[in-house]
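Input: a single structure, listed below in C-alpha cells.
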Amino acid sequence: MDQNDIASNPTIFGKILRGEIPADIVHEDIHCLAFRDINPQAPQHILVIPKRLIPKLSDASEEQRTLLGHLLYVASEIARKEGFAEEGFRVVINNGENAGQEVPHLHLHVLAGRAFSWPPG
Ligand code: DGP
C-alpha cells in the first residue's frame, strides 16, 4: 500500500484512514477498511472502502480489478461475521451525481437488518 496515497487523500474517508477522525471499524486489511456509517439507513450499515483513493467505481483501472473483487469479498465476509448473511443484505455503490454519491472515495454500502424494496428510490 502506498502510504502517500493515504496521506494525500483529501476526502472525509482520508481522515478516517489516517485516524484523524474516529470510526467504528469492523474490518481492516492491507487493501481496505470497513466501518459503520455515521448516518445508518438500516439497522446494520457498514462502508467498505479501498485504502487507495479511487474517486468512484467508474474511475477504477483494469489493474484494480482484483482490488474491486476483494472489496466485494470483504463485504460478504463481514455479512457472515456480523451474522446477517443468511437473512439477506444489500450492497450498494453510488457512482457519481445521479446516483447520489456524496463522498468522492469509492465505497460499498453494506446494509442489513430490515427488508429492502426494489426498485431503489
Ligand atoms: P454516498 O452518498 O454513497 O457518498 O455515501 C456516503 C456515506 O458516508 C453516507 O452514508 C454517510 C457516510 N459518512 C459521511 N461522513 C462520514 C463520517 O465522517 N464517518 C462515517 N462513519 N460515515 C460517514
task = Please verify whether the stretch 35-43 includes one or more residues that are within 13 Å of the ligand (Cβ to nearest atom), within 19 Å of Val91 (Cα to Cα), under 11 Å from the mean Cα position of the chain (by Cα) and charged (D, E, K, R).
result = yes
inquiry  = Restricting to the stretch 3-56, name every residue that is crowded, with 17+ Cβ neighbours inside 10 Å and charged (D, E, K, R).
reply    = Asp37, Lys51, Arg52, Lys56
task = Look through the stretch 15-34, keep the residues that are farther than 29 Å from Ala115 by Cα and in contact with a helix residue (DSSP H, G or I) (Cβ under 9 Å, 6 or more places away or on another chain), and return whichever of them is nearest to the ligand (Cβ to nearest atom).
result = Ile21
query = For Lys56, are the conditions met, namely being away from the ligand (no atom under 14 Å from the Cβ), touching a residue at least 24 places away in the same chain (Cβ under 8 Å) and of a type in the set (D, E, K, R)?
reply = no
query = For Ala112, are the conditions met, namely being among the small types (Gly, Ala, Ser) and surrounded by 16 or more Cβ atoms within 10 Å (Cβ to Cβ)?
reply = yes
task = Could you check, for the stretch 97-106, whether at least one of its residues is touching a strand residue (DSSP E or B) at 6+ places or on another chain (Cβ under 9 Å) and more than 11 Å from the ligand (Cβ to nearest atom)?
result = no
task = Considering only residues that are in a loop (DSSP other than H, G, I, E, B) and of a type outside the set (A, V, I, L, M), look in the stretch 98-107 and name the one that is surrounded by the most Cβ atoms within 10 Å (Cβ to Cβ).
result = His107
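Modelled with pLDDT of 95 or more, within 16 Å of the ligand (Cβ to nearest atom), surrounded by 14 or more Cβ atoms within 10 Å (Cβ to Cβ) and more than 28 Å from Pro10 (Cα to Cα): is that true of Ala75 in this structure? Show your work before the answer.
On the way: modelled with pLDDT of 95 or more: yes; within 16 Å of the ligand (Cβ to nearest atom): yes; surrounded by 14 or more Cβ atoms within 10 Å (Cβ to Cβ): yes; more than 28 Å from Pro10 (Cα to Cα): no.
For Ala75, the condition - modelled with pLDDT of 95 or more, within 16 Å of the ligand (Cβ to nearest atom), surrounded by 14 or more Cβ atoms within 10 Å (Cβ to Cβ) and more than 28 Å from Pro10 (Cα to Cα) - is not met.
Would you be able to say whether some residue in the stretch 108-120 is of a type outside the set (Gly, Ala, Ser), assigned to a loop (DSSP other than H, G, I, E, B) and modelled with pLDDT under 95? Let's see the steps before the verdict.
First pass over the stretch 108-120, keeping only residues of a type outside the set (Gly, Ala, Ser): 108-111, 114, 116, 118-120.
Next, from what is left, pick out any that are assigned to a loop (DSSP other than H, G, I, E, B): 114, 116, 118-120.
Then keep just the ones that are modelled with pLDDT under 95; that gives 120.
Checked against the condition, which is being of a type outside the set (Gly, Ala, Ser), assigned to a loop (DSSP other than H, G, I, E, B) and modelled with pLDDT under 95, the stretch 108-120 yields at least one hit.
The values are calculated or read from the model by the stated rules, or taken from the named source; none is laboratory data. Everything numeric in this text was worked out from a predicted model, so none of it was measured. In this analysis, Cβ positions are derived from the backbone assuming ideal geometry, glycine residues included, and neighbour counts consider all displayed protein chains.
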